[in-house]
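Peer 1: One structure, as structure tokens, below. Some questions next.
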Amino acid sequence: TGMGVHSNAPVTIDLHPAPADTGIVFRRTDIKGQRNTSIAANWGNVSMTELCTVIGDPAKVSVATIEHLLASFAGLELDNVLIDINGPEVPIMDGSSVAFVEAIDEVGLRHLSAPRRYLRILKTVRIESGRGFSELRPATGGFRLEVEIDFKQPIIGRQSKMLQLTPQTFRREIARARTFGFLRDVEHLWKAGFALGSSLDNTVALDDERVLNPEGLRY
């Protein structure tokens, strides 16, 4: 239970076990009188990616800011789960995935008897957008990440991270990483209807030269 970082609305999610091949499915429990309020979390249902990831139709049934929750699923290798949610946005918690990881670890995961299916990358696939790009390359095994960011602001600058993603490395090195934003953008975001629930409790706030959060950075 928490608040939506963009909507500033209270919301509760409940994670339920699901049979093999269910995938990740959200169910909006707050919408009455509509036959289907379920949305599968797959790429074909993505409707917006500006400042958060939204799946479904925002004019009908949708769920926003799913990225930290889905990161916890990917990091812990959780394939099948039904998520009941009583609002249009996943709670931001502290701006990271750690609250979801801890809740899942508390109850544990069940291993199903069905074989897991994978997509195997046979040749390099690259997508570019402006100065940024994503590239998938064949690997002999596992999932290796090579990530780099390059910001003009000196407080961030250019940083890189290489990691073999496993549940252990996700818990240790990624789960606690937090959302960040620049103080100069706040008023513009508020006018556009974004970041209405943002605070120093759930966002790392930056100006051009310093971190404004009293506790500083986790990583």
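Peer 1: Could you grab the pairs with beta carbons closer than 7 Å, sequence gap of 6+ or different chains, first residue in the range 27-38 and among the acidic types (D, E), second one surrounded by 10 or more Cβ atoms within 10 Å (Cβ to Cβ)?
Peer 2: Sorted first by the residue in the range 27-38, then by its partner, the pairs are D30/N86; D30/G87.
Peer 1: While we're looking at this one, here's another question. Could you please tell me which pairs satisfy a Cβ distance under 8 Å, a separation of 6+ or placement on different chains, a first residue in the range 100-129 that is in contact (Cβ under 8 Å) with a residue 40 or more places away in the chain, and a second residue that is assigned to a strand (DSSP E or B) and among the aliphatic types (A, V, I, L, M)?
Peer 2: A103/L15; I104/L15
Peer 1: A further question on this structure: Right, I155: open to solvent by 100 Å² or more (accessible area, probe 1.4 Å), out of contact with any Pro (no Cβ under 7 Å at 6 or more places or on another chain) and not charged (D, E, K, R) or not?
Peer 2: Spelling it out, it is not the case that I155 is open to solvent by 100 Å² or more (accessible area, probe 1.4 Å), out of contact with any Pro (no Cβ under 7 Å at 6 or more places or on another chain) and not charged (D, E, K, R).
Peer 1: Got a number for residues in the range 69-88 being open to solvent by 10 Å² or more (accessible area, probe 1.4 Å), out of contact with any Pro (no Cβ under 9 Å at 6 or more places or on another chain) and not in a loop (DSSP other than H, G, I, E, B)?
Peer 2: 4
Peer 1: I've got another one for you. Answer yes or no: is there a residue in the range 32-43 that is open to solvent by 60 Å² or more (accessible area, probe 1.4 Å), modelled with pLDDT of 95 or more and either of a type in the set (S, T, Y) or outside any strand (DSSP E or B) (or both).
Peer 2: no
Peer 1: When A175 is evaluated against the numbered criteria (1) open to solvent by less than 60 Å² (accessible area, probe 1.4 Å); (2) under 28 Å from I104 (Cα atoms); (3) modelled with pLDDT under 95; (4) in a loop (DSSP other than H, G, I, E, B), which criterion, by number, is the only one it fails?
Peer 2: The number of the failed condition is (3).
The values are calculated or read from the model by the stated rules, or taken from the named source; none is laboratory data. Predicted model, so just to flag it, every value in this text is computed and none were measured. For neighbour counting, all protein chains shown are included, and Cβ atoms are generated from backbone atoms with ideal geometry for every residue, glycine included. In case anyone asks, the SASA skips ligands and DNA or RNA and just uses the protein heavy atoms, side chains included. Shrake-Rupley method; radii C 1.70, N 1.55, O 1.52, S 1.80 Å.
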